[in-house]
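Trainee: Pasting a structure here, questions to come.
The values are calculated or read from the model by the stated rules, or taken from the named source; none is laboratory data. Remember, predicted model here, so these are calculated numbers, not experimental data. Counting neighbours? That spans all protein chains shown, and the Cβs are built from the backbone with ideal geometry, glycine included. When the accessible area is computed, the model is the full protein with side chains, heavy atoms only, and any ligands, DNA or RNA have been set aside. Shrake-Rupley method; radii C 1.70, N 1.55, O 1.52, S 1.80 Å.
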Amino acid sequence: MLSEDEQIRAARFHFDEDRVRWIRAHSALRLILAKSVGAAPLELRFSLGPHGKPALMGAGGLEFSLSHSGSWAAVAVARNVPVGVDIERIRENVDMAALLRRLGEISVPETSQELYRAWTRREATSKAAGGALFDRWDHDFGVRELDAPHGYCASVALIG
């Protein structure tokens, strides 16, 4: 299901578990996008934006975003509107409050669940904008938290 470049990238993972998860997420993305444009998964060609946001070449306005964390992945697909998605496994050993403060967030929540919700909202908007996490945007974002498996948080963002 993967291109030669993707196979090479997958082979770089040190741990088999991480490699398998990456392969599954990217294979699922190819299947979803192929169905959306009516092509075979291996016919899809991608380009990268200035900050690494992938785009499907010749997709006629199809936008997408992929995120994976732990055992789960999320894919968002939209027509003619930039989209971003993020899913994160809640890990108590990560100082998410410090990360959010570094990004300039002023009101930082206190609970792990709220911190990860804020993080996924920020990451999803960053992905939709195709920018770096530290960038600020003038876009009008629609951001929604998604139902996520226990121990995870997820959000999706659209511009406009």
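Trainee: Hey, what's the Cα Rg ratio for the chain versus the globular rule of thumb, 2.2 N^0.38 Å?
Mentor: With N residues counted in the chain, Rg over 2.2 N^0.38 Å equals 1.06.
Trainee: Relative contact order, percent, of segment 57-154 when contacts are C-alpha pairs under 8 Å separated by at least 6 residues?
Mentor: Here the relative contact order equals 26 percent.
Trainee: May I ask you to list the trypsin sites (Lys or Arg not before Pro) in segment 53-160 that are in a DSSP loop and have at most 10 other Cβ atoms within 10 Å of their Cβ?
Mentor: Within segment 53-160, the qualifying trypsin sites (Lys or Arg not before Pro) (loop, at most 10 other Cβ atoms within 10 Å) are R136.
Trainee: With a cut-off of at most 14 other beta carbons within 10 Å, and DSSP calling the residue loop, which GluC sites (Glu not before Pro) in segment 109-160 qualify? Please list them.
Mentor: E110
Trainee: Please give the FRET efficiency for S36 paired with A98, using the beta carbon to beta carbon distance and R0 = 45 Å, rounded to the nearest 0.05.
Mentor: In this case the efficiency is close to 0.70.
Trainee: Per-residue HN-Hα couplings for segment 11-16, Karplus 6.51 cos²θ - 1.76 cosθ + 1.60 at θ = phi - 60°, whole Hz, x for Gly and Pro?
Mentor: 5, 6, 5, 6, 9, 4
Trainee: May I pose another question? Could you pull out every residue, at least 5 positions away or on a different chain, whose amide H is within less than 5 Å of the one on L62? Hs are placed 1.01 Å off N in the peptide plane, and Pro or chain starts have none.
Mentor: N80
Trainee: Stretch A55-V20 to full length: gain in nm at 0.36 nm per residue minus the Cα-Cα span?
Mentor: Here the answer is 10.3 nm.
Trainee: With charges only on Cβ, +1 for K and R and -1 for D and E, what is the dipole size of the chain about its Cα centre, in debye, rounded to 20?
Mentor: The calculated dipole for the chain is roughly 280 debye.
Trainee: Less than 13 Å Cβ to Cβ from E88, Lys/Arg counted +1 and Asp/Glu -1: what total charge do the surrounding residues give?
Mentor: Here the count lands on +1.
Trainee: Evaluate E = 1/(1 + (r/R0)^6) for S71 and V108, where r is the Cβ-Cβ distance and R0 equals 35 Å; express this FRET efficiency to the nearest 0.05.
Mentor: 0.80
Trainee: May I pose another question? From the protein chains alone at 1.4 Å, what is the descending order of accessible area for V37, V85, largest first?
Mentor: The most accessible residue leads, giving V37, V85.
Trainee: Let me ask something else. Compare S71, S155 by solvent-accessible area with a 1.4 Å probe and give them largest first, with all protein chains kept in place.
Mentor: The ranking, largest first, comes out as S71, S155.
Trainee: Next question. Can you give me the accessible area per residue for segment 1-114, using a 1.4 Å probe, in Å²?
Mentor: 62
Trainee: Most fluctuating residue of W72, W119, W137 in a GNM of the chain with Cα springs under 10 Å: which is it?
Mentor: Between W72, W119, W137, it is W137 that shows the largest mean-square fluctuation.
Trainee: Moving to a separate point now. In terms of solvent-accessible area of protein heavy atoms at a 1.4 angstrom probe, what is the ranking of H51, H150, H26, H14, highest value first?
Mentor: From most exposed to least exposed: H150, H14, H51, H26.
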